[in-house]
Amino acid sequence: MSSKQQRNEECVKVAMRCRPISKQEIQDNRQEIVKIDPERGEIIVNNPKGEGSENKNVFTFDVVINQKSTQEHVYKMTALPIVESVLEGYNGTIFAYGQTGTGKTHTMEGNNESPDNRGIIPRTFEHIYRVIEGTPSKQFLVRASFLELYNEEIRDLLAKNAKNKLQLHENPDSGVYVKDLSSFIIQNPNEMNKKLADGRENRKVGATKMNEGSSRSHSLFMITVEMSEIKDGQQHITVGKLNLVDLAGSERQSKTQATGERFKEAININQSLATLGNVISALVDNKPYIPYRDSKLTRLLQDSLGGNTKTVMIANIGPVDYNYDETISTLRYANRAKSIKNRPKINEDPKDAMIREFQEEINRLKVELQRKMGGNIQIGPDKVVEVQKVVVVTDEQKLKELEEQIQREKNLLQSTVGKKREQIERDLADSREQKEKLEKQLKEKEEQVAKQAQEQEKYLQQIREMESKIIQGNKLKETQREKEKELIKLQIELEQRKQDERRNQEELEKKSDLVIETQKQYKNLQEEIDAKTKKLNNIVERIKQAREQTNEIHETRLREKEILLDENRTITKELKLIDLIIEHFIPQNEVKKLEQKLIFSDEDGDWNIKEDTNENHKISRPASVFGFKRPICESARMAIKFGDSNPRFRTDNILQLDLELPEKITEDFDGNVSQKVQETINIALNEDEEELQMMANEKMPIVYIKNPELISKENALNQPRVRLKSAKKTSRRPQSGLKKYQY
Ligand SMILES: Nc1ncnc2c1ncn2[C@@H]1O[C@H](COP(=O)(O)OP(=O)(O)OP(=O)(O)O)[C@@H](O)[C@H]1O
């Protein structure tokens with residue numbers, strides 16, 4: 001936003017007015033909860049249910065008006081500066097807001113009981129015409145319209161048929177306007193008051209439990225003041241528009257006990273007021289979208305809230321405990337509205353100014369009149385142009401001169417006619433016939449003059465009528481107005497300074513509150529930081545301890561690993577020896593046979609001999625021989641024949657027989673190992689350690705070591721799982737001194 005725009009910014013001025021306690025409230029023994037300090041612009045509302053410092057609500061406004069203030073004071077403090085601005089060409093809005101029965105209509109219209117009771121609207125009328133009277137340098141055209149917004153429908157209160165509903169329209173130049181709304185040119189305050197009274201007659205008013213004569217609609221009295229001035233030979237037109245708004249009261253259905261039509265009215269009233277609240281909030285929060293279109297009320301007030309208008313909001317409240325909630329709600333509403341920024345500017349030379357049209361029409365009529373007169377008294381064309389020029393600069397003096405000229409010409413004409421009549425009478429004797437002829441000519445001339453005079457009168461009448469609509473001040477009142485203007489200017493300046501000081505003070509207080517709050521927060525933060533630092537130190541200490549423990553565990557594990565490796569080496573060594581012995585001293589086919597018969601049992605974690613179910617492996621015996629207990633071979637039979645009582649070959653059942661020893665082909669061991677065997681053993685024992693490392697896999701989870709208790713489970717699990725080199729071959733009874741270890 002440019003600095004120029006910022007300079008033009010002006011906040012909505014908010015005034016608060018509290019009405020006096022009513023007779024009914026006194027009768028009901030109601031407690032007064034509102035205290036007002038007009039000097040400080042402060043209002044304190046005590047919460048009837050609250051306790052201690054909690055029960056005080058303090059608000060500051062640009063203007064606060066207490067219960068005893070006069071209507072004149074209210075006018076001076078709120079409307080007067082706005083009306084002065086409207087007469088300079090600004091737009092202005094004065095609107096009263098508040099709970100039902102708090103004095104909005106009293107503030108805006110007042111009552112007719114006495115002149116002192118007149119409200120803002122009638123005082124505005126007087127003010128406007130007083131200023132006009134004291135400003136002869138300008139011409140004014142004042143128009144008035146009056147409408148109400150009832151159940152979201154717009155009605156023209158000054159129309160012949162006030163029931164017709166009107167529509168809202170918008171155009172880029174003049175903004176939102178009401179189509180076909182009647183507008184009356186008004187020349188004085190009395191006429192204006194008459195229009196206000198006429199409109200009031202048509203306005204929807206009903207009794208609620210809260211207010212006998214409650215306004216059931218929002219009303220809007222619009223005054224347009226067009227001003228024309230000649231400056232440096234140039235015509236300047238400015239237009240000021242003033243909206244005087246009396247809103248219907250916000251209310252709670254529970255309190256008003258409204259039903260039927262009243263209930264519907266109340267819903268609509270509350271709805272449009274809620275929208276007004278939303279617009280205020282959106283403007284204050286600088287939202288990108290302002291919901292003006294949500295109700296007709298906000299559309300009508302669009303220019304007054306956040307637009308090109310100087311706005312005063314008067315928040316009306318009641319003084320007693322019963323209305324505490326509504327009072328606080330109104331004050332909060334008003335407090336927010338204080339921050340709305342408008343950008344008022346003078347409306348200069350608008351295209352559609354009516355005063356320009358009027359002036360042009362008057363000039364046209366005057367030129368026409370001059371032309372007619374000129375034609376009669378035979379004024380040359382050059383002279384007409386001159387007259388035309390004079391007429392263009394219209395004023396009362398010039399018109400008088402014109403009338404005098406007409407009169408002079410009339411007199412001249414009459415004296416000429418008189419002289420001619422004398423001449424005719426003198427010549428009468430000469431010829432009767434000539435006399436009659438001349439008389440006829442004279443009569444025709446007289447008729448012509450009369451007709452012309454009539455026509456001139458008609459034009460003059462028309463001009464006078466149009467000119468009367470344009471009002472112009474009086475020289476005599478000019479000095480008085482100048483003085484009054486000076487005084488008002490000083491008063492406004494003084495009041496503005498006070499209000500600025502108040503706003504600055506409030507801003508300062510807000511800032512110091514913020515500083516205190518920040519300090520408090522800082523203190524809290526410092527405490528939080530201290531607590532967290534303490535926690536952090538504890539955690540660091542615990543981490544340190546944990547690290548030390550981890551190192552210890554690590555070292556233990558390394559030691560355990562070493563031991564385990566050591567054990568592994570020993571086992572591997574032993575296993576290799578066993579392997580070697582098997583390889584070299586047990587026949588391979590026997591080893592294979594045994595391997596096939598052996599099976600590892602997961603249950604008991606040991607090798608068992610498998611039961612051979614293969615039929616082919618079963619020993620087939622010879623079929624039984626009759627007369628013998630069991631099968632018997634041929635040689636046994638022969639032996640029986642030769643008297644042998646136990647002729648069976650003992651080899652029939654080798655398990656019951658001693659082994660038939662093979663023929664001895666080795667020498668007895670005499671303590672000296674042959675060189676070949678010794679070399680083989682040495683190779684096995686000196687083999688690379690890595691190859692000796694043996695770990696069982698899941699199928700072979702058992703190894704035999706000397707000290708299994710030295711291997712922790714953890715270590716065992718972390719060992720690389722390597723299948724025993726000759727697991728099958730070595731899976732036999734362990735060497736003495738080795739113990740079974742299972743991973
Ligand atoms: N400042 C005041 N001094 C004396 N009487 C007042 C004042 N304000 C209001 N009253 C009286 O209180 C009554 C209610 O006031 P008024 O009708 O103006 O309220 P309202 O806010 O316009 O109500 P509604 O919203 O229902 O139209 C009227 O009788 C009025 O004369």
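Taking a ≥ b ≥ c as the square roots of the eigenvalues of the Cα gyration tensor, an a/c ratio of 1.5 or more together with a/b larger than b/c marks segment 65-316 as prolate. Highest-first packing order for the peptide set 42-49, 170-177 is 42-49, 170-177, based on the mean count of other beta carbon atoms within 10 Å.
The distance separating the Cα centre of segment 543-603 from that of segment 300-364 comes to 98 Å. Once the 1.4 Å probe is applied to the protein heavy atoms, segment 65-316 comes out at 41 Å² accessible per residue. Sorting C18, C633 on solvent-accessible area from highest to lowest, probe radius 1.4 Å, gives C633, C18. Taking Cβ atoms as reference points and 11 Å as the exclusive limit, the residues near E361 contribute a net charge of -1, counting Lys and Arg as +1 and Asp and Glu as -1.
Accessible surface ranking for D670, D530, 1.4 angstrom probe, highest first: D670, D530. Surface composition of segment 40-95: carbon plus sulfur atoms hold 43% of the accessible area, using a 1.4 angstrom probe and ignoring ligands, DNA and RNA. Residue ranking by accessible heavy-atom surface, 1.4 Å probe, largest first, among T479, T275 comes out as T479, T275. Per-residue surface analysis assigns Y97 an accessible area of about 10 Å², computed on protein heavy atoms at 1.4 Å probe radius. Between E39 and R421, the distance separating the two model label sites (each 7 Å from Cα on the Cα→Cβ line) works out to 8.5 nm. Measuring between alpha carbons in the structure, the pairs from K35/K341; K264/K296; K341/K489; K410/K437; K13/K179; K410/K458 lying more than 21 angstrom apart are K35/K341; K341/K489; K410/K437; K13/K179.
Measuring max minus min along each principal axis, the C-alpha atoms of segment 113-234 give extents of 60, 42, 23 Å (largest first). In this simple spin-label approximation, Q235 and D294 carry label points 7 Å from Cα along the Cα→Cβ vector, and these lie 4.5 nm apart. Placing a label point 7 Å from the Cα of E507 along the Cα-to-Cβ direction, the residues of segment 11-26 whose backbone N falls under 14 Å of that point are 11-12.
When you count the other C-beta atoms within 10 angstrom of each residue and take the mean per peptide, 468-478, 276-286 line up highest first as 276-286, 468-478. For the pair Q414 and I529, label points projected 7 Å from Cα toward Cβ lie 10.6 nm apart. Calculated accessible area for segment 481-621 comes out at 84 Å² per residue, all protein chains present (probe 1.4 Å; ligands, DNA, RNA ignored).
In the assembled protein chains, R557 presents an accessible area of approximately 80 Å² (probe radius 1.4 Å). The slack in the chain from E465 to V673, taken as 0.36 nm per residue of separation less the alpha-carbon distance, amounts to 59.2 nm.
Extension gain, E401 to I665, is 77.6 nm, computed as 0.36 nm per intervening residue step minus the present C-alpha separation.
What shape does segment 410-550 take by its C-alpha gyration tensor, where a ≥ b ≥ c are the square roots of the eigenvalues and a/c under 1.5 counts as rounded, a/b above b/c as prolate, and the rest as oblate? Judged from the Cα gyration tensor, segment 410-550 comes out prolate (a/c at least 1.5, a/b above b/c).
The values are calculated or read from the model by the stated rules, or taken from the named source; none is laboratory data. Note that the structure is predicted; figures quoted are calculated from it, not measured. All Cβ positions, glycine included, derive from the backbone under ideal geometry; neighbour counts span all protein chains shown. Protein only, heavy atoms only, side chains kept; ligands, DNA and RNA dropped before computing areas. Shrake-Rupley method; radii C 1.70, N 1.55, O 1.52, S 1.80 Å.
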